[in-house]
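Bear in mind that the values in this text are calculations on the coordinates, not laboratory data. Small disclaimer: the values here were computed from a predicted structure and weren't measured. Neighbour counts run over all protein chains shown; Cβ positions are idealised from the backbone, glycine included.
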Amino acid sequence: MKRRALLTFLALGPFFTQVHAQIKTMKGIKEMQDNWKSLLAPGTEVPNATDPLKLSKDEWKKRLQPAAYQVLREEGTERAGSSPLDREKRPGVFACAGCGLPVFTSEMKFDSGTDWPSFFTFIPGAFLTKTDFKIIYPRTEYHCARCGGHHGHVFDDGPAPTGKRYCNNGVALKFIPQKT
């Protein structure tokens with residue numbers, strides 16, 4: 001009987017090690033989500049998702065560049081490879097270009113090879129989602145929780161441990177580099 005227990009332990013050991021590593025990684029993601037403000041310069045003021053920003057169509061057109069307006073307000077998509085934020089590697093925070101709400105950090109970013117900025121998780125409370133049928137196939141679209149601006153779509157082909165890829169239009173973001 002001891003031999004069977006030993007063989008079972010040896011067979012299941014890698015599974016439990018992998019599960020433990022994933023739990024540890026998920027704790028790291030939770031920590032990353034909770035501590036995002038550490039990537040901002042001391043005293044940096046940012047809006048809160050609970051303070052909605054509602055503007056008229058004309059006010060949005062005045063506030064945003066045409067490409068950002070097309071994506072954020074008309075749910076368009078920028079051309080792949082056109083955003084310098086896809087290659088942004090500095091530590092900092094990515095905020096909604098429409099209202100300034102922090103939505104991602106540089107720690108959440110990864111190179112997906114899609115030519116759009118991609119992230120495996122987001123700052124809690126930053127987004128609301130809806131199902132999009134524009135290409136007939138249902139996709140999950142995500143919008144800024146504060147201003148309702150369209151950012152992109154989330155897919156289930158991202159890296160572990162979340163397995164998510166938040167494929168974001170670069171013109172829907174602005175980057176706030178970390179300052180010490």
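Side notes on the structure shown:
- Only lysine pairs 8 or more places apart, or on different chains, with alpha-carbon atoms under 18 angstrom apart are counted in segment 35-177, and they number 11.
- Cysteines in the chain that, by Cβ-Cβ distance, have no pairing candidate under 4.7 Å: CYS167
- Full-stretch length increase - LYS179, LYS30 - with 0.36 nm per residue and alpha-carbon distance subtracted: 51.3 nm
- GLU88 versus LEU55: modelled label distance in nm, points set 7 Å from Cα along the beta carbon direction: 1.8
- Excluding exposed DSSP-loop trypsin sites (Lys or Arg not before Pro) (at most 12 other C-beta within 10 Å), longest clean stretch of the chain: 1-53
- Overall form of segment 22-92 per C-alpha gyration tensor (a/c, 1.5; a/b vs b/c): prolate
- Degrees, to the nearest 10: 2-34 long Cα axis against longest axis of the chain: 20
- For the chain, the mean residue ellipticity at 222 nm estimated from helices alone is -8500 deg cm²/dmol, where every DSSP H run of n ≥ 4 contributes -39500 (n - 2.57) and the total is divided by all residues, rounded to the nearest 500.
- Annotation: amide H of LEU53 within the under-5 Å range of CYS147, sequence separation 5 or more or interchain, hydrogens built in the peptide plane.
- Tensor-based shape of segment 35-177 (alpha-carbon gyration tensor, a/c under 1.5 rounded, otherwise prolate or oblate): rounded
- Taking the Cα centre of the chain as origin and assigning +1 to Lys and Arg Cβ atoms and -1 to Asp and Glu Cβ atoms, the resulting dipole is close to 520 debye.
- Here the gap between GLU75 and ASP132, fully extended at 0.36 nm per residue and compared with their Cα-Cα distance, gives a gain of 19.5 nm.
- Under the combined filter of DSSP loop state and at most 13 neighbouring Cβ atoms within 10 Å, segment 65-95 retains these GluC sites (Glu not before Pro): GLU74.
- Among LEU55, LEU40, LEU64, the largest mean-square fluctuation in a Gaussian network model of the chain (Cα springs under 10 Å) belongs to LEU55.
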